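Student: First the structure, then my questions, so here it is.
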Amino acid sequence: MATQAPAAARTAAEPKQPSHGRGFWIALAAPGIIWMILLFIVPFYVVLAIAMGQLNRLFESPIPVWNPLNWSSANVINVGRDLVGATSFAGPIVIRTIIYVAIASLLSLVIAYPAAYFVARFAGRRKGLFLILLIAPFWISYMMRMLAWVDLLQTDGYVNKALMSLHLISSPVDWLGGMHITVILGLVYGYIPYMILVLYAGLDRIDGSLLEAGRDLGLSRVRTFLKVTLPLSRQTILTAMLITVLPMLGDYFTNQLLSGATGTAMLGNDIDGDLSTPAFLGQGAVLSLLLLLVLIIPMIYYVIATNRSSREAA
């Protein structure tokens, strides 16, 4: 009894935690739910209604069908014929897009990882300055940065002048005449800041004592990086690749500005062309939904991998 009294006294003295009802949490989540409904679910259903809708043959305009019971698969069949088959033209575009994105994302990783690693480990007191320099590209719109490269890559632009002055080329190169390398490097230039920032955030969180422990155990700098830093940054690399690859797959503006040729067209250009033509608006909606379905797959894998790494860390 004597031991129970102090415990009861302490319990009575502790301040009671406020108990919020279910209505409080619903009200707290309501703005986000409304925002999601208005800006994602409703537009998604509109696109779905157009994709599964019909075509007005007289005016060559799409007719959205809101009732799922009356949906038509005509647009889906037409897109399937465009993607696969003897007369398909969108299939090579999809393959080209995958190749472009794969090369551009790997190049971005090769360039971004050393830059992020240097800022996280060796910048020292100048880390703030380097972070400002890394964030600086976000202060300029993507369109303005691409337009700047259009001027640089002109036949009489500074890129050709610099290469000719170094005697690397004998005559000006038409970089904007439908070259694959121009589009790939444009994707790298446009999206590499996202990768650098994500990689820096992950590398900066790695405990320095773990690296010191590796050195104390006799590992060289290279082996410490390979055995300690690289495995610990695996999840960060996955996040950076996901953030970079997803917008690259739907990009159409880079190719439109830096090439514009049909030989370098990407899936985003095909979707943009369909959505700009009323008669093909339904097929463009189907392609948009297919792209969204493809993008969901790596996102699900990322969530599963993140949960798995969190459980292993715990």
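The values are calculated or read from the model by the stated rules, or taken from the named source; none is laboratory data. Computed from a prediction, not measured in an experiment: that's the story for all the values here. A quick note on method: Cβ atoms are made from the backbone with ideal geometry, for glycine too, and the neighbour counts reach across all protein chains shown. The protein model used for the area step is the full one, side chains on, heavy atoms only, and it has no ligands, DNA or RNA in it. Shrake-Rupley method; radii C 1.70, N 1.55, O 1.52, S 1.80 Å.
Student: In whole percent, what relative contact order does the range 21-160 give with Cα contacts below 8 Å and a gap of six or more residues? Intermediate values should be presented prior to the final figure.
Tutor: On the way: 61 pairs, mean separation 12.0, N = 140.
The value is 9 percent.
Student: Let me ask another. Starting from the Cα of residue 143, step 7 Å toward the Cβ, then list every residue of the range 236-272 with an amide N under 13 Å from that point.
Tutor: 253-254, 257
Student: What does the highest-first list of 215-226, 72-83 look like by mean Cβ count within 10 Å? It would help to have the intermediate numbers written out before the result.
Tutor: On the way: 215-226: 12.3, 72-83: 16.6.
Highest-to-lowest ranking by the protection proxy: 72-83, 215-226.
Student: Separate question: Using a cut-off of 12 Å between beta-carbons, work out the net charge of the residues near residue 282 (Lys and Arg +1, Asp and Glu -1, residue 282 not included). The partial results should precede the final answer.
Tutor: Details: positive: none; negative: 60, 274.
Cβ neighbours under 12 Å give a net charge of -2.
Student: Just to confirm, what accessible area per residue do you get for the chain at 1.4 Å probe, in whole Å²? All intermediate terms of the calculation are to be shown ahead of the outcome.
Tutor: Numbers: 19620 Å² over 314 residues.
Per-residue value: 62 Å².
Student: I need the chymotrypsin sites (Phe, Trp or Tyr not before Pro) found in the range 35-140, filtered to DSSP loop residues with at most 12 other beta carbons within 10 Å of theirs.
Tutor: Listed in order of number, the matching sites are 59, 66, 122.
Student: Next question. Report, in order of residue number, the helices in the chain meeting two criteria: a C-alpha extent of 15 Å or more along the helix axis, and a mean Kyte-Doolittle hydropathy of at least -0.5; treat each whole DSSP H run as one helix. Could you put the intermediate results ahead of the total?
Tutor: Working: long enough: 22-36 (20 Å, 1.25); 90-121 (45 Å, 1.62); 142-152 (16 Å, 0.83); 180-204 (35 Å, 1.52); 234-249 (22 Å, 1.39); 281-313 (48 Å, 1.23).
Span-like helices, by this rule, are 22-36, 90-121, 142-152, 180-204, 234-249, 281-313.
Student: Now a separate question. Looking at (i) 20.1; (ii) 19.5; (iii) 24.2, which value of Kirkwood radius over Cα pairs in Å comes from a calculation on the structure shown?
Tutor: Matching the structure shown: (iii).
Student: Also, quick follow-up: Rounded to the nearest 500, what is the chain's calculated 222 nm mean residue ellipticity when only DSSP H runs of at least 4 contribute -39500 (n - 2.57) each, over all residues? Please list the in-between numbers first.
Tutor: Numbers: 15 runs with 207 residues, N = 314.
The helix contribution divided over the chain gives -21000 deg cm²/dmol.
Student: With an 8 Å Cα cut-off and a minimum separation of 6 or more residues, compute the relative contact order for the chain in percent. Working shown, then result.
Tutor: Details: 299 pairs, mean separation 72.5, N = 314.
Result for the chain is 23 percent.
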